[in-house]
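Chemist: This is the structure I have questions about; it appears just below.
What follows draws every value from the coordinates through simple rules; no lab data is involved. Keep in mind that what you see is a predicted model, and the values were worked out from it rather than measured. Every residue, glycine as well, gets a Cβ built from its backbone with ideal geometry; the counts of neighbours run over all protein chains shown.
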Amino acid sequence: MRTLVARGDRTISGQLFRHGTEIPPGLLLQGEIDLGVDHRWLLEYEPSERRSLYRIFAPFSGCGEKQPLTNDELTMFALRP
Amino acid sequence: MPDEHRKFYSSPFPPLGFEFVSPAHEKVAMQTASREVSEREAAYIAALNRPSVPTLEMPPIKEPTLPENFQQRVNELDQRIFERGLAVDRDKLLALGKERFAKLIEADRETRSLQRVLFNDLSSWPHVLGAFQFASVRVPMPAQTISEQASGAGADREAVRRLAGFVDLWKFDHPQGEPVTVRNVYAFHDLFSSLVFGQSMLEQIGTDGRLRNHFFCGDGGAKVALFDGWLSVLQQPLASVTISHPVWHVVAWLADETQPQPSLLELARDFFGVRSASRSQIIFAAAVIDGFLLGLEGWLLWEYVGRRTRIAADEKSLATQRGQLVKRYPRIANFHRQIAAAFFSSRAIHGDAHVQFESDRYRTFIDRCMAKLLQTVSGVIALAIDEQLPNTLVVRHRDRWLIETQGKRLFMQSLIESKLGEAFGGATFYVEVSE
């Protein structure tokens, strides 16, 4: 589950994504992602390099995919059951 | 053969009971003997150079007057608070979360747009720290020199150069640092941590719409500030009981301070030499006085104020401001001096004897003492509320209590203040009840 990031200002589906901002998962088809990466319009990062904010906060972003927080973050910021 | 002749015979065999000593064993034996001699000599020299300062006993620390079953009653009340839970409006929580998420994305964009420091993952401290270090941003204070290390000077300055996490990011906020980037990263981080808390609330709401968690019955720690950001999603009506400046009340009681509680506005005016102090100046004054009340000084006070205000203050100005507080509240200053005096220990290294202040032990003692007393204040107030309005308390924290009033009026301010006065021997606490 890589994080997709705009390289340069890009307009996708009517939305403007500034350089360096994350593109929501599911907005682009895989073929479009492959084309964007080949033309260096998009960058893909592994979760260890840059996590997806949309996946981390899936209930608030509406994203269908989830990414867990680290134990340290849950200890410092979350209500532990 | 007669006995007197036997002793002149030389036998090729060793006498009975003789033990062979190999060269390796002999070497070890010599080393052991040599070490024992040198240790005896070092102990003798240390005894001759024993420092003349005696180790002082800890002065007596006042204890609040509490009923015998106080802690048991507080534990039972905490259990009832936990079982009752807190009513949360799930739809409001979702809506607020979505709004904050949109702001998070905007904060992420804003931080990256400046490009003076290039970030990969803004949510990860190692990545953020690495980005600042790659941009050659440093903390403002110099490292400990070799001569300082040898003499033990500058140890506290060296200790505060460390960066423990986002809580210390403000140390990069100085004229030679990256102040705008630091503020942008903090804006992102505040939204991120708030959303983590909000998401955990959403995940734990029960089928009855109530949130049950032990966080609501106890100190709460730093997460109380995160909870503050989600108060609007709680089901109403809720009343709150708050106590202004609990640290001042407790320390003033411990030190028998006779001066009145400081006005933060007046303190800010004094510190900054202004007539109309700004909100950030008032917050700064609050941090300085709390640091003074907790016995902090020097670079430790600088770090405490910085973590509270996210401002890298001038250490010399801070020392001057602290000096003003020492003059204003001499009993509190003296109280801390007496406690600190019990944390000096004699040290003898290579025959050189000296007295050393055990800063870590002193801090641990003060922190533990304060935590215990503030928990006691919280317990006294919670029991007073429960006595007046049973089964309505839903949140018990260090300086705020939330009550599901169900439309009932509250007349408990004087009761709470009187209960606190009983427990803390005549001390005056100021409690505010708002509906």
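Chemist: Using a Gaussian network model of chain B whose springs link C-alpha atoms within less than 10 Å, name the residue from B:Glu303, B:Glu110, B:Glu36 with the highest mean-square fluctuation.
Modeler: Of B:Glu303, B:Glu110, B:Glu36, the most mobile in the Gaussian network model is B:Glu36.
Chemist: For the protein assembly as shown, restrict the atom set to alpha-carbon positions and state the Rg and Dmax in Å.
Modeler: Computed over the Cα atoms of the protein assembly as shown, radius of gyration and Dmax are 31.8, 124 Å.
Chemist: Tabulate in residue order the Karplus-calculated ³J(HN,Hα) for the stretch B:335-344, using 6.51 cos²θ - 1.76 cosθ + 1.60 with θ = phi - 60°, rounded to whole Hz; enter x for Gly and Pro.
Modeler: Going residue by residue, I get 4, 5, 5, 5, 5, 5, 4, 7, 10, 9 Hz, with x marking Gly and Pro.
Chemist: Around B:Arg368, under 13 Å between beta carbons, what's the net of Lys plus Arg minus Asp minus Glu among the other residues?
Modeler: Neighbourhood net charge equals 0.
Chemist: If you take every residue apart from A:Gly36 with its C-beta less than 15 Å away from the C-beta of A:Gly36, what net charge results, scoring Lys and Arg +1 and Asp and Glu -1? Walk me through the numbers before you get to the answer.
Modeler: Details: positive: A:Arg2, A:Arg7, A:Arg10, A:Arg40; negative: A:Asp9, A:Glu22, A:Glu32, A:Asp34, A:Asp38, A:Glu44.
Taking every other residue near A:Gly36 into account, the sum is -2.
Chemist: If the chain between B:Arg40 and B:Gln375 were fully stretched, how many nm would it gain, using 0.36 nm times the residue separation less the Cα-Cα distance?
Modeler: 115.6 nm
Chemist: Would you please name the trypsin sites (Lys or Arg not before Pro) within the stretch B:100-132 that are DSSP coil residues with at most 15 other C-beta atoms within 10 Å of their C-beta?
Modeler: Values: sites: B:Arg100, B:Lys103, B:Arg109, B:Arg112, B:Arg116; in loops: B:Arg116.
Hits after loop and neighbour filter: B:Arg116.
Chemist: For chain B, set up a GNM with springs between Cα atoms under 10 Å and report which of B:Pro15, B:Pro64, B:Pro246 has the largest fluctuation.
Modeler: Per the Cα network of chain B with a 10 Å cutoff, B:Pro15 tops the list.
Chemist: Could you give the length gained on full extension between B:Ser240 and B:Gln79, defined as 0.36 nm per residue of separation minus the Cα-Cα distance, in nm? Don't skip to the end; give the middle numbers.
Modeler: Values: separation 161, 0.36 × 161 = 57.96 nm, distance 1.99 nm.
Stretched fully, the B:Ser240-B:Gln79 segment lengthens by 56.0 nm.
Chemist: On to the next question. How big is Rg to Rh over chain B, alpha-carbon atoms, Rh as the Kirkwood inverse-mean-distance radius?
Modeler: Ratio of gyration radius to Kirkwood radius: 1.16.
Chemist: Could you run the Karplus curve 6.51 cos²θ - 1.76 cosθ + 1.60 with θ = phi - 60° over the stretch B:77-87 and give me ³J(HN,Hα) per residue in whole Hz, x for Gly and Pro?
Modeler: Values per residue, Gly and Pro as x: 5, 4, 5, 5, 4, 4, 5, 5, x, 10, 6 Hz.
Chemist: Same structure, new question: Taking the Cα centre of the protein assembly as shown as origin and charging only Cβ (+1 Lys, Arg; -1 Asp, Glu), how large is the dipole, in debye to the nearest 20? Each step should come with its number before you reach the end.
Modeler: Working: 60 positive and 63 negative charges, 181 e Å.
Rounded to the nearest 20 debye, it is 860 debye.
Chemist: Also, I was wondering about something else. When the Debye formula is applied to the Cα atoms of the stretch B:154-244, each taken as the same point scatterer, what base-10 log of I(q)/I(0) results at q = 0.16, 0.20 Å⁻¹?
Modeler: -0.86, -1.07
Chemist: For the stretch B:94-170, with equal point scatterers placed on the C-alpha atoms only and solvent neglected, what are the log10 I(q)/I(0) values from the Debye formula at q = 0.11, 0.14, 0.21, 0.23 1/Å, to two decimals?
Modeler: Here the Debye-derived log intensity ratios amount to -0.45, -0.63, -0.99, -1.08.
Chemist: Shifting gears a bit: Using a ≥ b ≥ c from the Cα gyration tensor of the stretch B:62-127 (square roots of the eigenvalues), is it rounded, prolate or oblate, where a/c under 1.5 gives rounded and otherwise the larger of a/b and b/c decides, a/b for prolate? Don't skip to the answer; put the middle values down first.
Modeler: Numbers: a/c = 4.90, a/b = 2.09, b/c = 2.35.
Cα axes put the stretch B:62-127 in the oblate bin.
Chemist: Tally Lys/Arg at +1 and Asp/Glu at -1 over every other residue whose Cβ is under 13 Å from the Cβ of B:Gly220; what's the total?
Modeler: Values: positive: A:Arg80, B:Lys223, B:Arg396, B:Arg398, B:Arg400; negative: B:Asp78, B:Asp219, B:Asp228, B:Asp399.
Net charge around B:Gly220: +1.
Chemist: Right, another one. Determine the principal axes of the Cα atoms in the stretch B:108-263, then give the extent along each, sorted from largest to smallest and rounded to whole angstroms.
Modeler: Principal extents (Cα only, largest first): 60, 51, 28 Å.
Chemist: What do you get for the angle between helix B:279-293 and the principal long axis of chain B? Use alpha-carbon atoms, 0 to 90 degrees, nearest ten.
Modeler: With rounding to tens, the tilt is 40 degrees.
Chemist: Check each of the trypsin sites (Lys or Arg not before Pro) in the stretch B:265-302 and keep only those in coil by DSSP with at most 10 other C-beta atoms within 10 angstrom; list them in order. Before the final figure, lay out the partial values.
Modeler: On the way: sites: B:Arg269, B:Arg275, B:Arg279; in loops: B:Arg275.
Sites meeting the loop and neighbour criteria: B:Arg275.
Chemist: While we're on this one: So if I take the centroid of the Cα atoms in the stretch B:362-430 and the same for the stretch B:67-124, what is the distance between those two points in Å?
Modeler: The two parts, judged by their Cα centres, are 24 Å apart.
Chemist: May I have the pair-distance distribution P(r) for the stretch A:1-62, computed from all Cα-Cα distances with 5 Å bins from 0 and rounded to whole percent?
Modeler: Pairs per bin, as whole percents: 4, 19, 29, 29, 16, 3, 0.
Chemist: Can you list residues whose amide H is under 5 Å from A:Phe17's amide H, if they're 5+ apart or on another chain and H is modeled 1.01 Å from N?
Modeler: A:Arg10, A:Thr11, A:Ile12
Chemist: Sticking with this structure for a sec: Need one word for the stretch B:58-192: rounded, prolate or oblate. Basis is the Cα gyration tensor (sqrt eigenvalues a ≥ b ≥ c); a/c below 1.5 gives rounded, then a/b vs b/c decides. Write out the running numbers ahead of the final one.
Modeler: Working: a/c = 4.03, a/b = 1.19, b/c = 3.37.
Judged from the Cα gyration tensor, the stretch B:58-192 comes out oblate (a/c at least 1.5, b/c at or above a/b).
Chemist: Which of the chymotrypsin sites (Phe, Trp or Tyr not before Pro) across the stretch A:1-77 are loop residues per DSSP, with 16 or fewer other Cβ within 10 Å?
Modeler: On the way: sites: A:Phe17, A:Trp41, A:Tyr45, A:Tyr54, A:Phe57, A:Phe60, A:Phe77; in loops: A:Trp41, A:Phe57.
Listed in order of number, the matching sites are A:Trp41.
Chemist: Whole percent per 10 Å bin, from 0 to the bin with the longest distance: what is P(r) over all C-alpha pairs of the stretch B:249-349?
Modeler: So the P(r) values, bin by bin, are 15, 45, 30, 8, 2, 0.
Chemist: Another question, then. Considering chain B as a Gaussian network with a 10 Å cut-off on Cα pairs, which listed residue, B:Phe134, B:Phe284, B:Phe344, attains the greatest mean-square fluctuation?
Modeler: B:Phe134
Chemist: Let's see if you can work this out: charge +1 on each Lys and Arg Cβ, -1 on each Asp and Glu Cβ, no other charges. What is the dipole magnitude of the stretch B:63-158 about its Cα centre, in debye to the nearest 20?
Modeler: 540
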